[in-house]
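Below is one structure, written out as structure tokens, with a few remarks after it.
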Amino acid sequence: DIQMTQSPSSLSASVGDRVTITCRASQSISRYLNWYQQKPGKAPKLLIYAASSLQSGVPSRFSGSGSGTDFTLTISSLQPEDFAAYSCQQSSSIQITFGQGTRLEIK
Amino acid sequence: QVQLVQSGAEVKKPGASVKVSCKASGYTFTSYDINWVRQATGQGLEWMGWMNPNSGNTGYAQKFQGRVAMTRNTSISTAYMELSSLRSEDTALYYCARLSHRDYYYYYMDVWGKGTTVTVSS
């Protein structure tokens with residue numbers, strides 16, 4: 001299976017900060033990389049697909065980049081509603097795998 | 001609106017089986033694969049497998065091979081996930097999710113159910 005490793009595992013930041021979360025694949029996955037946001041007690045919500053395409057309705061402060069093995073999710077200016085967990089997911093292999101998640105907390 | 005509605009919480013004993021349902025509405029059920037993902041408390045998301053509602057074809061994560069079965073009833077737009085030989089480590093929140101695509105090239109889960117809690121306890 002393709003292993004997906006996120007860093008950091010947790011992150012403290014303030015409203016207005018620029019935040020970057022990294023996801024690394026154990027082998028090249030081209031741009032078959034998606035990002036999800038999950039708030040406590042809620043289902044995951046798709047933010048970014050195909051590494052950099054913004055899902056409809058998602059604020060433009062969210063952006064994704066990368067290809068091959070290294071990817072980033074950036075939030076340009078944190079808003080109070082952005083404090084949540086973020087997970088990457090690869091769809092390159094028929095065996096889908098997720099990263100372990102990054103918890104974004106208020107400083 | 002497009003939504004997936006899952007069945008209610010389950011409590012099972014070790015060794016038993018559980019069957020979770022996922023009813024689709026607001027779109028053509030047979031046009032999108034359904035994936036199942038689980039999450040233990042405080043843990044990350046774990047993909048379990050997929051099912052094509054049109055053909056009934058399935059694909060399972062190696063970890064669950066032989067223990068999971070994903071089926072559907074197209075007449076009521078409902079997908080099912082059955083997990084057998086339950087153990088305490090299977091205690092988790094189980095989600096169904098619709099698999100969408102861009103140009104049949106990039107695939108992503110764009111609609112999720114709210115989750116079904118499965119508790120395995122003696």
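Each reported figure results from applying straightforward, stated rules to the coordinates on display, with no laboratory input. These figures come from a predicted structure and were not determined experimentally. With ideal geometry, Cβ positions are generated from the backbone for all residues, glycine too; neighbour counts draw on all protein chains shown.
Descriptive notes on the structure:
- Kirkwood Rh (inverse of mean 1/r, distinct Cα pairs), chain A, angstrom: 13.6
- Shielding by partners - mean other protein chain Cβ count within 10 Å, residues of B:99-108: 5
- Using only Cα coordinates, the Kirkwood hydrodynamic radius of the protein assembly as shown works out to 18.0 Å.
- Inter-chain shielding of A:51-63 (mean C-beta neighbours from other protein chains, 10 Å cut-off): 1
- With a threshold of 21 Å on the Cα-Cα distance, the over-threshold entries among A:LYS42/B:LYS23; A:LYS45/B:LYS23; A:LYS39/B:LYS19; A:LYS42/B:LYS63; A:LYS45/B:LYS114; A:LYS39/B:LYS114 are A:LYS39/B:LYS19; A:LYS42/B:LYS63.
- Counting only other chain Cβ atoms within 10 Å of each residue's Cβ, the peptide B:43-50 averages 5.
- For chain A, the relative contact order is 39 percent, taking Cα pairs closer than 8 Å that sit 6 or more residues apart in sequence and dividing their mean separation by the residue count.
- Taking a Cβ cut-off of under 12 Å around A:PHE98, the surrounding Lys, Arg, Asp and Glu residues balance to a net charge of -1, with basic ones at +1 and acidic ones at -1.
- Chain B: relative contact order in percent, alpha carbon pairs under 8 Å with at least 6 residues between: 35
- Shape of the stretch A:63-104, Cα gyration tensor, a/c cut at 1.5: oblate
- Based on Cα contacts under 8 Å between residues 6+ apart, the stretch B:1-66 shows a relative contact order of 23 percent.
- The phi torsions of the stretch B:30-44, fed into the Karplus equation with coefficients 6.51, -1.76 and 1.60 and a -60° offset, translate into couplings of 7, 8, 9, 5, 10, 10, 10, 9, 10, 8, 6, 4, x, 10, x Hz, rounded to whole numbers, with Gly and Pro shown as x.
- Chain B: C-alpha pair distances exceeding 21 Å, %: 34
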